[in-house]
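The block underneath contains the structure these notes are about, expressed in structure tokens.
The numbers here are math on the coordinates, done by the rules we state, and not lab data. Values in this document were obtained by computation on a predicted structure and should not be read as measured data. A quick note on method: Cβ atoms are made from the backbone with ideal geometry, for glycine too, and the neighbour counts reach across all protein chains shown.
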Amino acid sequence: MTATPSRGWLQALRVYAHPRVLGMLSLGFSAGLPLLLIMGTLSFWLREAGIDRTTIGHLSWIGLAYSFKWLWSPLVDRMSLPLLTRLLGRRRAWLLLSQIVIACALIGMAMTDPLINLTHLVFFALAVAFASATQDIALDAYRIEAVAVELQGAMAATYQAGYRVAMILASAGVLWIAAAVDVSADVYDHAPWRFAYLIMAASMLVGIFTTLCIREPEVPFRQVVTENEQAARRALAHWKLPERVKTVLVWLYGALIAPFRDFIIRHGRHALLILGLIALYRISDVVMGVMSNPFYVDMGYSKEEVATISKVYGVIMTIAGAAIGGVLTVKMGVMRTLFLGAVLSAVTNLLFVWLAGRGHDVSGLIFTISADNLSAGIASSAFIAYLSGLTNAAYSATQYALFSSVMLLLPKFIAGFSGQFVDAYGYESFFIATALLGVPVLILVWFAGQATFASSSSD
């Protein structure tokens, strides 16, 4: 693990007073609102409507849009939007466009009953996923460009705080709203869900208003980008191609190839190790998360209980964990906090095995949610800080999109089979399996820490 200079706890806590750090609260809200509306909350809706668990598990693949966002991240990084870029700047233009699409697609979801037309609901959910992933690309680039590396842990913590507040609204808020207007609690009715999702669509106005108010980060076009494109142009000088074709090829090289080439050159033989760690770090939580809401339904917990304990209290615990993680990254260093988060994430999954054996137990649910979400917050802060430190500011959007896409691809693919696994082997075996998935992560974190320490020592 890397060595880190000792800092006082009070000094570490002062990072949260930085204006840019505080500003990430509202931006995190904008990013956090769509996710559960197409994942956990949607799975609760579908299960209540009588959709089978296997189908719900397969529909979690909608979230794979987040795993492939690196494919269009170069466009977000480099392409200007007509009128919007000139008025708002590169990052804000893409943020505004994606937020408007999210709001419109959520309206489409609200107006679609899954029992009547599940296919249309899936298409609207896919539109939310792709627009939300695009928002993440632009927002991650903005966050990385806004402050120096040493503040990224605190930026991640406040980002998560806003993100999790939005998740309360997108989960508990939806369940509360649907329950409040549901006049036939024992029989499925589409109307409460329609009303709740329309409220969520209106809530995207928070993100839209924030985007219109924030300032574009003052990051000039990086010299390394210019140098790479000049090198590509020199390489094409002897090719007998029209000048317009050469210009397009140079742009494609700078947008598509140079960011990935830069990562491999900077990290050398450790690049695969780093990508392996990124691919597996959140696997325990992501795979388990798909079946958590169906688990609550099958254990007999009501919408109100799930909303209060899992979606509000649990999110508060996640925010607390994120704040702790932000301080720990300053005090202990990123790699040590990353290792601690991996241990806690795997171990706390075993608490769900204990909970499954107790049936409908509100006290047990509170204890399990407390431990699981606190550990998730610590792990997330450390992981976001780690990913941010890996990026080159010249290609912030593209490289961070690659990292976050790699992070979700394998876990979400495996999670798609979670419903079949539960149907075949039961919830207890499923939760044990998700905990065991965390063991390889500990090994990768250790080796990545040693590689980082060796690299810093050689410098």
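Tabulated results
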quantity: Gained length - Asp423 relative to Ile100, 0.36 nm times residue gap less alpha-carbon distance; calculated: 112.4 nm
quantity: Förster radius 35 Å - calculated FRET efficiency between Glu218 and Phe260 (Cβ-Cβ, nearest 0.05); calculated: 0.85
quantity: Assigned charges on the beta-carbon of Lys, Arg, Asp, Glu; segment 239-295 dipole about Cα centre (debye); calculated: 320 debye
quantity: Net lengthening on full extension, Ser363/Thr54 (0.36 nm per residue, minus Cα-Cα); calculated: 108.3 nm
quantity: Rg/Rg_globular for segment 355-428, with Rg_globular taken as 2.2 N^0.38 Å and Rg from C-alpha atoms; calculated: 1.55
quantity: Hz values of 3J(HN,Hα) by residue in segment 413-421 - Karplus curve (6.51, -1.76, 1.60), Gly and Pro given as x; calculated: 5, 5, 4, x, 9, 5, x, 5, 5
quantity: Dipole magnitude of the chain about its Cα centre (Cβ charges: Lys, Arg +1; Asp, Glu -1), debye to nearest 20; calculated: 1700 debye
quantity: Sequence ranges 329-337, 437-445, ranked by mean other-Cβ count within 10 angstrom, highest first; calculated: 329-337, 437-445
quantity: Acute angle (nearest 10 degrees) that the helix 223-235 long axis makes with the longest principal axis of the chain, alpha-carbon atoms; calculated: 60 degrees
quantity: With eigenvalues of the C-alpha gyration tensor scaled by 5 and rooted, segment 233-334, Å; calculated: 48, 21, 14
quantity: Inter-probe distance in nm under a simple model that places probes 7 Å from Cα toward Cβ, at Trp354 and Phe68; calculated: 4.1 nm
quantity: Spin-label zone in segment 257-298 - amide nitrogen under 20 Å from a point set 7 Å from the Cα of Val439 along the C-beta vector; calculated: 276-288
quantity: Potential extension, Ile199-Leu87 segment - 0.36 nm per residue separation minus Cα distance; calculated: 37.4 nm
quantity: Whole-number D in µm²/s for the chain (Stokes-Einstein; Kirkwood sum over Cα pairs; 25 °C, 0.890 mPa s); calculated: 108 µm²/s
quantity: Acute angle (nearest 10 degrees) that the helix 90-110 long axis makes with the longest principal axis of the chain, alpha-carbon atoms; calculated: 20 degrees
quantity: Using a Förster distance of 22 Å, the FRET efficiency for Leu115-Asp186 (Cβ separation, nearest 0.05); calculated: 0.85
quantity: Relative packing of 160-166, 88-94, 258-264, which averages over residues the other C-beta atoms within 10 Å, highest first; calculated: 160-166, 88-94, 258-264
quantity: Most to least packed among 424-430, 321-327, 203-209 [average Cβ atoms within 10 Å]; calculated: 321-327, 203-209, 424-430
quantity: Cα-based helix-to-principal-axis angle, 314-331 vs the chain, degrees rounded to 10; calculated: 30 degrees
